[in-house]
Amino acid sequence: MGSSVFNIGVSGLAAAQAGLLTTGHNISNASTPGFNRQQIVQSTNTPQFTGAGYFGQGTNVQTVQRIYNQFLASQTLSAQTRLSELNAYADQIRQVDGLLADSSAGLSTALNDFFRGVHEVAANPASIPARQSMLSMAQALVGRFQSVDNRLNEIRDGVDTQLASTVADINSYTTQIAALNQRIILAQAAGPGQPANDLLDQRDQLIAQLNQQVRVTTLTESDGSLSVFVGNGQAVVVGAQSYGLATMQSGEDASRMTVGITLASGGTAALPEAMLTGGTLGGLLAFRRESLDTAQNALGRIALGLAETFNAQHRLGQDLTGALGGNFFTAPAPQVITPNNPPNGGTAAIGVAVASAANLTTSDYRLTANGGGNYTLVRLSDNTTVFSATALPQTVDGLTISLASGAANAGDSFLIQPTRAAAHDIAVALTDARSIAAAAPIRTAASNGNSGTGAISAGSVNAPPPVNANLTQTVTITFNNPPTTFDVVGTGTGNPAGVAYTAGGSISYNGWTVEIGGTPAAGDVFTISANSAGVADNRNALLLAGLQTGKTLAGGTASYQSAYAQIVSDVGNKTREIQVTATAQESVVKQAEEAQQSLSGVNLDEEAANLLRYQQAYQASGKMIEIADKLFNTLLELGR
């Protein structure tokens with residue numbers, strides 16, 4: 001009996017000591033990041049059977065366990081990776097927002113200044129200083145386009161730098177996790193069924209840090225190791241082996257940096273960007289894909305739309321030398337990029353030209369060869385198939401896409417970027433102020449001998465004229481008897497005769513349109529001729545100035561200024577959305593962490609109470625041993 005009492009006391013003493021050790025460990029690690037408090041798990045020893053029943057044999061400590069809840073931990077990880085993503089996105093988009101909204105660095109002021117120069121030419125078409133000022137304002141506008149685009153490219157380069165840095169951090173974490181997996185496997189194999197609590201905490205902390213770089217999922221293996229996956233299930237840690245990420249050129253666009261996975265067999269395979277979500281990496285990729293690309297394309301659309309529409313009207317005018325107008329701006333050409341990894345198997349070269357500036361979008365496109373001369377075009381902004389299994393050429397979204405040369409193999413693809421580089425590539429084509437086509441190339445007149453009340457308008461040049469040389473021809477419109485019809489006579493062929501007269505109706509011929517109102521008399525003659533002395537003519541300059549407020553973009557719904565204002569608004573709204581969402585997400589993270597810490601965190605007041613409890617248990621067990629010792633001695637004395 002004395003032996004049993006002694007053994008029970010010793011078991012209680014050992015259990016109390018284990019409790020004191022565990023409590024002390026908790027207290028000393030109260031501020032250690034990622035530490036989960038621990039507690040001992042006790043159970044009773046097997047009781048001893050006697051005739052009087054089962055007598056207890058004390059206690060034993062089965063294990064030391066972490067107070068850990070997988071559900072709460074997963075909630076915290078999910079909240080943290082989303083917050084890191086939003087913060088990375090917000091840091092980048094604030095730069096774009098500040099750039100575009102800045103009145104001195106943005107585009108609005110330069111556009112206003114340029115069209116002020118156009119209005120000055122319209123007010124003083126013969127003034128060389130006014131014309132030179134217009135050219136200077138045009139150069140300043142082009143410089144502003146290029147400056148904004150260069151800054152956007154600097155932000156893009158900054159994203160690439162941060163991608164490389166983030167990938168390096170990810171690889172560091174995965175290497176450490178793999179090493180801890182190996183230590184945990186060995187530690188838990190040495191003590192079967194006993195968890196390596198501190199090592200598990202260290203690994204979970206590394207998982208949390210990795211998760212702030214990119215969203216990860218984990219799977220606990222039977223040997224205690226943890227497999228870690230990113231994206232759509234791509235393993236970066238399996239057991240003691242890690243597979244690093246790497247930055248690499250996009251196979252579709254060599255100028256674009258993307259992220260790949262290092263293969264066990266060597267080499268690197270690109271990962272789909274849309275699959276890499278969460279964390280800093282996901283935020284950077286989402287910003288570039290959703291905001292930076294769109295903003296740069298939208299800026300390019302304004303540049304390309306301005307060049308195309310201004311040139312089209314300028315070509316309908318006449319300069320100071322009497323020549324028809326040429327291109328005022330050098331219109332940027334849409335880009336067609338062929339893949340480099342793997343390269344196309346065919347020899348096809350794709351040509352893309354602007355058919356309608358008004359119908360241009362801010363999207364990029366992917367053209368894929370189906371074989372047999374047929375192609376499929378996908379608009380990447382909304383992943384919509386624009387046309388499928390169709391032969392080229394095709395005109396869609398303001399673009400004419402054609403096969404320039406060669407032939408494509410099935411599966412060959414082409415990335416079409418209609419506006420991405422337009423803001424960088426726009427330039428002023430004119431160098432001589434006299435070449436500004438402020439005048440209209442035609443002049444109208446009524447014969448002095450007319451007896452009716454008919455009046456002819458100043459006329460306008462159609463867009464585009466069929467043959468520019470026709471504009472220099474003198475054409476007469478003569479009313480018949482009775483004056484309900486008229487004949488048109490020019491130097492060309494196909495002069496219409498007996499044309500029914502409608503007062504105020506349009507008459508189009510040789511690339512121009514006029515209107516004759518009133519009541520002409522029989523024999524009345526009206527002439528349309530070349531504007532041989534049009535140095536003070538401002539008719540085309542007024543039409544050029546009118547483009548400032550004309551709805552020339554976005555399907556005829558936006559002017560240059562309103563299109564730019566829409567970019568500023570979209571970026572500003574997105575910036576505000578990200579900031580508000582990030583603020584709300586901070587609350588989510590705080591709540592998740594509080595819920596986790598309420599279970600797993602160290603409460604010093606609770607641990608202090610445990611110290612007293614285990615101290616009392618230790619003292620009580622020691623007293624039991626003391627009593628057992630006295631009983632044993634008493635028995636020895638009785639036996640003498």
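The values are calculated or read from the model by the stated rules, or taken from the named source; none is laboratory data. On a predicted model such as this, the values are computed, not experimentally measured, just so you know. Please note: Cβ atoms are built from the backbone with ideal geometry, for glycine as well, and neighbour counts cover all protein chains shown. These accessible areas exclude ligands, DNA and RNA; they are computed on the full protein's heavy atoms, side chains included. Shrake-Rupley method; radii C 1.70, N 1.55, O 1.52, S 1.80 Å.
Only helices enter this figure: runs of n ≥ 4 DSSP H residues, each worth -39500 (n - 2.57), summed and divided by the residues of the chain, yield -15000 deg cm²/dmol at 222 nm to the nearest 500. Each label point was placed 7 Å from the Cα along the Cα-to-Cβ direction; for Asn481 and Val535 their separation is 4.4 nm. Using a probe of 1.4 angstrom and keeping all protein chains present, the accessible surface of segment 224-370 works out to 34 square angstrom per residue. Element breakdown for the chain at a 1.4 angstrom probe: carbon and sulfur atoms account for 53% of the accessible area.
Once you reduce segment 72-117 and segment 147-191 to the center of their Cα atoms, the two points are 24 Å from each other.
Run the paramagnetic zone check for Ile128: 7 angstrom along Cα to Cβ, then residues of segment 516-558 with backbone nitrogen under 11 Å. Label zone hits: none. Using the Karplus relation 6.51 cos²θ - 1.76 cosθ + 1.60 with θ = phi - 60°, the per-residue 3J(HN,Hα) values for segment 423-440 come to 5, 7, 9, 5, 8, 8, 7, 8, 10, 9, 4, 5, 7, 5, 8, 7, 8, 8 Hz, with x marking Gly and Pro. Highest average first, the peptides 266-272, 292-298, 572-578 ordered by how many other beta carbon atoms sit within 10 Å of their residues are 292-298, 572-578, 266-272.
Pick out, from Gly351, Gln249, Ser147, the residue whose Cα sits farthest towards the positive end of the charge dipole of the chain, with +1 on the Cβ of Lys and Arg and -1 on the Cβ of Asp and Glu. Going by the charge dipole, the pick is Gly351. With the charge dipole of segment 509-588 set up from +1 on Lys and Arg Cβ and -1 on Asp and Glu Cβ about the Cα centre, the Cα lying farthest toward the positive end among the listed residues Thr527, Gly555, Gly511 is that of Gly555. Helix by helix, which DSSP H runs in the chain go 18 Å or more along their axis at the Cα atoms and have an average Kyte-Doolittle hydropathy of -1.0 or more? Long hydrophobic helices here: 2-28, 70-101, 108-123, 128-190, 197-211, 293-314, 560-600, 604-638.
Each of Asn383, Leu604, Leu263 was placed along the dipole of the chain (beta-carbon charges, centred on the mean Cα), and the one lying farthest toward the positive end is Asn383. According to the calculation over all Cα-Cα pairs in segment 163-204, the P(r) per 5 Å bin from zero is 5, 23, 25, 17, 12, 8, 6, 3, 1 %. Across the chain, Cα-Cα distances exceeding 36 Å account for 61% of all pairs. Overall, the anisotropy analysis places segment 412-540 in the prolate class: the square-rooted eigenvalues a ≥ b ≥ c of its C-alpha gyration tensor yield a/c not less than 1.5, with a/b exceeding b/c. Considering all C-alpha pairs of segment 95-211, those separated by over 18 Å amount to 70%. The alpha carbon convex hull volume per residue for segment 1-144 rounds to 133 Å³.
Please work out the Cα center distance from segment 234-255 to segment 524-552, rounded to the nearest Å. The two parts, judged by their Cα centres, are 61 Å apart. Averaging 1/r over each pair of different alpha-carbon atoms in segment 215-337 and inverting the result gives 18.6 Å, the Kirkwood hydrodynamic radius.
Where in segment 515-538 does the label zone of Val489 land, with the point 7 angstrom along Cα→C-beta and an amide N cut-off under 18 Å? Flagged as within label range: 521-530.
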